[in-house]
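Following: one structure in structure tokens, then a few remarks.
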Amino acid sequence: MIYIELSLITVYYYNFGKYYHDIILIELEGILLKLRSFLLLSILSWVLFVAITLISSRLPSPVPEQAEAGKSVWQRNNCVSCHTLFGHGGYEADDLTHITAKETSEYLVNYLVQPPVMRPNKYARHPALNEADAENLVNYLEFVHTIPTLGWPPQQEEVEEN
Amino acid sequence: MKLFKRFSFRGKIDKSSARKQQFIAQKISRRYCFSAVSLFALQSVVASLGALELVIPDLPSPIPFEYGRAIHLALAVLWPLIGTMGMVYFFTTAELNREIYSPRLARWQYWLVMFFSLGVFSTLALRIGNGREYLEGIPILYVGICISLILASYNLVRTLLTDKRNITPAAATMTVGVIFLMLLLLPNTITFSNPITDEATKFWVVHLWEEMAFELTSAGFIATYFIVSGLAPRTEVEKWLYLEAVLAVVGGLYGTGHHYYWIGFPAVWLVLGSLVSLVEVIPVGMLVRMTYKGLKSTKIRSNREKLTLWLLLSSVFHHIIGASLLGLFLTVPWINLYTHGTYITSGHAHLALFGSLGFAVLAGCYYILSQGSQPTLKGYKGGVLAVILLNSGLIIMSSALLVAGFMETYFWRILGMDFMQVRFILKPYLSIRALGGAIFTLGDLLLSWRIFKAWQATRSYRQPKI
């Protein structure tokens, strides 16, 4: 079998050797061309994507200093593990994107400084913050409330009507 | 010579299965895979404890829930990364049939990525973190992981450039995948004061790592696996690989739009995100086609190859059902408006992250760590049982989460009930989730044990002469 195949190649190569060489080159060119277009398309779409993401992420108003401090309180205490902002985060607790529209800031600060027991637990309380951190955090949540979210979450309208 | 052979024997099986030489890079890739599998074993234990804490009130725990979940998510991102690094080195050398540019850099890269990953887990256990979902570790640790990815990219690019005439599609795809892993992590080492930019860049890891970068490395891995083990002809497997890669990059990038819907971005992303998400399904279809071509070959497979295939097929199954079809359903803006931020996202995340990516990385890790040995019949049966347990655990867990999510959608979002009231109704489903998690953990530990056994059996296999 091997002998037959080898002899076939030999005959093939002698008869079409010249063309065969060209075809190898064409095929090689084709592979490189494909590789180049893949790289070019990847780079182009990456640059464009980063640009339009950055343009889209402009805020309606600049972040106030106190809200910025509040953001770091939010991150330091890992609030996102249980709560969500913009619907992204943990699933164990309520979404806080528009919490400042539902509750007054005094209530929220008080809740954070003297946290209640969390149902259905009998002893475990909500993690506590000091007064300054709590105020900054509520400030941050007030700022988040001003960011337009295109009508999400859907029950927001009912709350405002009430 | 390679091209010569390829042209004249088109349609026949490549003789590449005859290659049995082991490269230094393949030796190094073993430690990556071993670490990845160990972290995966740890992952299921952490996850089960977290699931228990949600159903048993006042469960005492040394690490509070919010940091436990952070460790769970950090593990979910980092163990596939470490496994992928090993897989890319192993399969690049196998595919190109030559050594990588610098094995020394690969060793350094291993110690860097391990040091900083373990740093993330231990600082989180000590309650130090940065509180961004999936990237909870402090930013400086992600700089370290970035450096190790830069080393990987440099090493792989230099490897490809040593012989420019012999760059195969699978090797190029994997290299570009690793470069994208690095590019996408880089902005996440910066602290943004703008909460919208913060959310958006977070999804460059949460979404784009899984749907683009890891998809490129997995496609390269699956292609190389079929070619190198001689299960399918090279021409069949490689035919559409570049097109698939281009679609994965373009579709993946702009498909990120479906995470930008409600975070304060302009409404144009609703259109862009939902339409481009349709494109994202095409490369998955092509991946399935490639896998099918490999399966169709009549060649007798060894038990080792069969076990790898079982893992690979589980990955493909969850990629189609859990990641693509369920994902596509959720990207419709009118549906997403109601399902967003409920347990449905959680169910989908488990199916997409572990189901499609995790199984693929496990397949690669098992294949690499068992190189040079065959499982005993008992070992093979144990492996298959582990795969069945993993799959059924994952499906029970995710279905329970999906049902809980649909109940949340109905009671909380549509009827407008209070969150805490709805939370109490969900308890039975969260208990079923914990049960599914327990089955999953059982399968996880069994598979890790089998892989550990394979690692032990092949430890002294063909030491390369240095």
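We did not get these values from a lab; they are worked out from the coordinates using the rules stated. All of these numbers come straight from a predicted model, not from anything done at the bench. Positions of Cβ are backbone-derived with ideal geometry, glycine not excepted, and every protein chain shown enters the neighbour counts.
Annotations for the structure displayed:
- Within segment B:233-279, GluC sites (Glu not before Pro) in DSSP loop having at most 15 other beta-carbon neighbours inside 10 Å: none
- Point-charge dipole on Cβ atoms (K/R +1, D/E -1) for the protein assembly as shown, about Cα centre, debye to 20: 4240 debye
- Footprinting exposure proxy for A:F49, B:F221, B:F452, B:F203 (fewest neighbouring C-beta atoms within 10 Å first): B:F452, A:F49, B:F203, B:F221
- Near B:L430, once Lys and Arg are set to +1 and Asp and Glu to -1 for all other residues with Cβ below 11 Å from its Cβ, the sum equals +1.
- A:E65 sits among other residues whose Cβ lies under 15 Å from its own Cβ, and their net charge, with Lys and Arg +1 and Asp and Glu -1, is -3.
- Counting Cβ atoms of other protein chains within 10 Å of each Cβ in B:196-208 and taking the mean gives 3.
- Phi-derived couplings, Karplus 6.51 cos²θ - 1.76 cosθ + 1.60 at θ = phi - 60°, listed residue by residue for segment B:203-219: 6, 5, 8, 4, 8, 6, 4, 6, 8, 10, 4, 5, 5, 5, 5, 5, 4 Hz, with x used for Gly and Pro.
- Per-peptide packing, taken as the mean over residues of other Cβ atoms within 10 Å, places B:149-155, A:113-119, B:172-178 in the sequence B:172-178, B:149-155, A:113-119 from highest down.
- Proximity of backbone amide H atoms, modeled 1.01 Å from N, is registered between A:D95 and A:T84 at under 5 Å, excluding neighbours fewer than 5 places apart on the same chain.
- Free-standing Cys residues across the protein assembly as shown, given no other cysteine C-beta under 4.7 angstrom: A:C79, A:C82, B:C146
- Taking Cα atoms only, the orientation of helix B:24-55 departs from the longest principal axis of chain B by about 20 degrees.
- Backbone amide hydrogens, once placed in the peptide plane, bring B:Y101 within less than 5 Å of B:T159, excluding anything fewer than 5 places away on its chain.
- Backbone HN-Hα couplings from phi across segment A:118-131 [Karplus 6.51/-1.76/1.60, Hz, Gly and Pro as x]: 8, 5, x, 5, 9, 10, 5, 9, 5, x, 9, 10, 7, 4
- Pairwise FRET efficiency - B:V157 versus B:L52, Cβ, R0 = 56 Å, nearest 0.05: 0.75
- Principal-axis tilt of helix B:169-185 within chain B, Cα atoms, nearest 10 degrees: 30 degrees
- For the listed residue pairs B:K378/B:K453; B:K306/B:K378; A:K34/B:K296; A:K34/B:K293; A:K122/B:K427, the alpha carbons are over 18 angstrom apart in A:K34/B:K296; A:K34/B:K293.
- The alpha-carbon atoms of segment B:103-184 define a convex hull whose volume equals 87 cubic angstrom per residue.
- The residue list B:V281, B:F317, B:P333 was ranked by how far each Cα lies along the charge dipole of the protein assembly as shown toward its positive end, using unit charges on Cβ atoms, and B:F317 comes out on top.
- Cα-based shape type of chain B, given that a ≥ b ≥ c are square roots of the gyration tensor eigenvalues and the cut on a/c is 1.5: prolate
- Across peptide B:167-177, the average count of Cβ atoms from other chains found within 10 Å of a residue's Cβ is 2.
- The slack in the chain from B:L42 to B:I321, taken as 0.36 nm per residue of separation less the alpha-carbon distance, amounts to 97.8 nm.
- Here the Kirkwood formula, the inverse mean of 1/r across different C-alpha pairs, assigns the protein assembly as shown a hydrodynamic radius of 25.7 Å.
- Taking label positions 7 Å along the Cα-Cβ direction at both B:K299 and A:L33, the computed distance is 3.1 nm, reported to one decimal.
- Mean Cβ count within 10 Å, highest first, over the residues of peptides A:59-65, B:407-413: B:407-413, A:59-65
- For segment A:37-48, putting each phi into the Karplus relation 6.51 cos²θ - 1.76 cosθ + 1.60 with θ = phi - 60° gives couplings of 5, 4, 5, 4, 4, 4, 5, 4, 5, 5, 5, 4 Hz, in residue order, rounded to whole numbers and with x for Gly and Pro.
- Mean projection area, nm², convex hull over Cα of segment A:65-146: 5.2 nm²
- Ordered by the count of other Cβ atoms within 10 Å of each Cβ, fewest first, B:I138, B:I388 give B:I388, B:I138.
- In degrees, nearest ten, helix B:241-255 long axis to first principal axis of chain B (Cα): 20 degrees
- Other protein chain Cβ atoms within 10 Å, averaged over every residue that makes up B:133-144: 1
- Within segment B:426-444: backbone nitrogen closer than 16 Å to the B:L385 label point (7 Å, Cα to C-beta): B:439-444
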